[in-house]
Amino acid sequence: MSTILDASESFLFHCKFEKGLSGKTIEAYTSDINQFIGFLNEGARSNEISKIDKLVLKEYLKRLSVLKPKTIKRKVATLKALFNFLEFEDTIEVSPFRKMRIQIKEPQKLPTVLTITDIHKILKVAYQARRNVRQKESYCYKEVTRDITILELLFATGIRVSELCDLQTKNIGVRFDYIIVKGKGDKERLIQICNNETRFILKEYKLLSRRENSNSTYFFINRFGNPISDQSVRFMIKKYGSIAGINKKITPHTFRHSFATLLLEAGVDLTYIQHLLGHSSITTTQIYTHVNMQKQKQILNAKHPRKKMSLMR
């Protein structure tokens, strides 16, 4: 009989080589499935696929109930994908999830966004740090130039931090007027770079970084010539946000949220924003309409001409 371990190996092979899912997605799937296998082993439950029914899955859901709703949804989605695959491959007759009704309500949390003033302060701090470096040939000067380029690109394009770290030099336009981003599911999208200062700093950084690391295919690299990590970008953003005196939790994704929200406030159609962000569904993009409602309230409260009328005195 097929075991959950055998089934998971087939499933992960399918995800990696047939569906072409990203390495991070494969890692998440592997972690979720291993956790489920651990649950089965702990209770001396059967590892045979045919013995895993809705009662076993309900027990597992109880185990997961202490986690955040978003985490539970992801782990359940992983197992659903696994059992759907097994059903499709005729390893099992029917997925046990077909006999279950699972509703996990996730509280809607509006994303933190930066105002244009906040972004100006952060960029100003970074540019000042660059001016303060006297030795233009030093690594410190190259590093702060890279930091500015990252900040500029995050705000100019709204790309995810993973997309930024994976950005290849070959996918940047010769005139630094566009980048080609490889997003989720290896889907590519082209984003124009329309600001002259952003294009200039992209060019500056490329010239500086390629003097000693001409062989790297990645655009953003560390002092060892390796691609910069997500964690390094997060730490850098937190540092400049703190120096700028921004009292908000700022992450790379905050720039993505701010990019979308500020475009929406400027009257850009939601479908264009969806394309720029690389969302497969406009439903995902619609969260920014809720953020925009807050801004709408501020505008109407402060600017509506009815405030100039007083009729009840």
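Rule-based calculations on the coordinates, nothing more; no lab input. All values derive from a computational prediction rather than experimental measurement. With ideal geometry, Cβ positions are generated from the backbone for all residues, glycine too; neighbour counts draw on all protein chains shown.
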Cα-based reach from LYS105 at 26 Å (exclusive), listing lysines while leaving out same-chain residues under 8 positions away:
LYS24, LYS54, LYS58, LYS62, LYS68, LYS70, LYS73, LYS75, LYS80, LYS184, LYS249
Quick one: which residues, 5+ away or cross-chain, put their amide H under 5 Å from the amide H of ILE92? H built at 1.01 Å from N.
GLU87
Of the listed values (1) 23.1; (2) 15.6; (3) 18.2, grab the one calculated as mean projected area of the Cα convex hull in nm² from the structure here.
(1)
Measuring from its Cα centre, segment 119-252 shows a charge dipole (+1 at each Lys and Arg Cβ, -1 at each Asp and Glu Cβ) which, in debye to the nearest 20, is 320 debye
What longest region of the chain stays clear of GluC sites (Glu not before Pro) that DSSP places outside H, G, I, E and B and that have at most 16 other Cβ atoms within 10 Å?
213-313
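Can you put SER281, SER10, SER258 in order of Cβ neighbours within 10 angstrom, beginning with the fewest? The partial results should precede the final answer.
Numbers: SER281 8, SER10 15, SER258 23.
Going from least to most buried by this count: SER281, SER10, SER258.
Compute the relative contact order of the chain as a whole-number percentage, counting only Cα pairs closer than 8 Å that sit 6 or more residues apart in sequence. Working shown, then result.
On the way: 302 pairs, mean separation 51.6, N = 313.
Relative contact order of the chain: 16 percent.
What's the exposure ranking of ASP53, ASP230, ASP90, going from fewest to most Cβ atoms within 10 Å? Display every interim value, and only then the final one.
Details: ASP53 11, ASP230 16, ASP90 7.
The order, fewest Cβ neighbours first, is ASP90, ASP53, ASP230.
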